[in-house]
Amino acid sequence: MLVTVLGRYSPYAPVGGAGPGFVVQTGGVTLMLDGGQGTVARLQMQVRTADLTAVLVSHLHPDHIADLHSLQYLIADQAPGRDPLPVYAPDVANPDRHWLEPTTFCARFMRLLPLPVDEGISFGPVRVTFARTDHPEPCWAMRICDGSRTLVYTADTGAGVDLAPFARSADLLIAESTFVAANGQNRKGHMTAGEAADLARRAGVRRLLLTHFMPSTPIADAEAEARAVFPASEAAAEMRTYRV
Ligand SMILES: [Zn+2]
Ligand SMILES: [Zn+2]
């Protein structure tokens, strides 16, 4: 299983950076997780449009869906003959969900569907299950297993919900680490690097990738803070592909 980091910043992207987004590739399945600002351009560096299996949206905060309105035009322009791209997003009462709705012109290129948070979903050999996180907007972490490797993505969460049972023994945990201890006093629904590392340690995962950085958060400090708790920690690098 391969995972490529399209962007690692929130709530805005600094010069040359991008918002939250990942591509997971395994067993002939290609999933995009979230689509923050700048991710659709980067998606095209990694994936042929026709090969994208589905998009999974963790929650409807703008930093996670900013680029997804344009995805329908990417399909229309580059792969009009493919099956409509399924975009799974939480079916919650948030007017921003309309941002993901295809236009009349693009209705045959993209399909907006509810994120199956209770039952989970399978794409070929890939099984995806969900867990509600600690966040002001309803948000779901994702556990992605291809039968041999397991990736867990926390999406946005504070430390108020214990995701350790959900992330148990994952090969790779991608955890949000918006802050470090020094700038994280007023965090609500977000974690510090130390909290992300504590989750990794308690869940017994093999490796931790930190992401969702406030651009002013010093990334070297985040790595140091995490490694003091869980040594197999590193900051996600944009457009780097990791083997899970
Ligand atoms: Zn959020
Ligand atoms: Zn976010």
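The value obtained for the range 2-243, namely the Cα convex hull volume divided by the number of residues, is 112 Å³ per residue. Pairwise inverse Cα distances across the range 104-148, averaged and inverted, put the Kirkwood hydrodynamic radius at 12.5 Å. Karplus-derived 3J(HN,Hα) values for the range 132-140, using 6.51 cos²θ - 1.76 cosθ + 1.60 with θ = phi - 60°, are 5, 10, 9, 7, x, 8, x, 9, 10 Hz; glycine and proline are entered as x. Taking every alpha-carbon pair under 8 Å whose residues sit at least 6 apart, the chain reaches a relative contact order of 18 percent.
Counting neighbouring Cβ atoms within 10 Å and putting the fewest first, the residues Met45, Met239 line up as Met45, Met239. Against the empirical curve 2.2 N^0.38 Å, the C-alpha radius of gyration of the range 71-140 lands at a ratio of 1.26.
For the range 1-63, the convex hull drawn through the C-alpha positions has a volume of 75 cubic angstrom per residue.
Every read-out reported here was derived from the displayed coordinates using simple, explicitly stated rules and does not represent laboratory data. Note that the structure is a prediction, hence the values are computed from the model and not measured. A quick note on method: Cβ atoms are made from the backbone with ideal geometry, for glycine too, and the neighbour counts reach across all protein chains shown.
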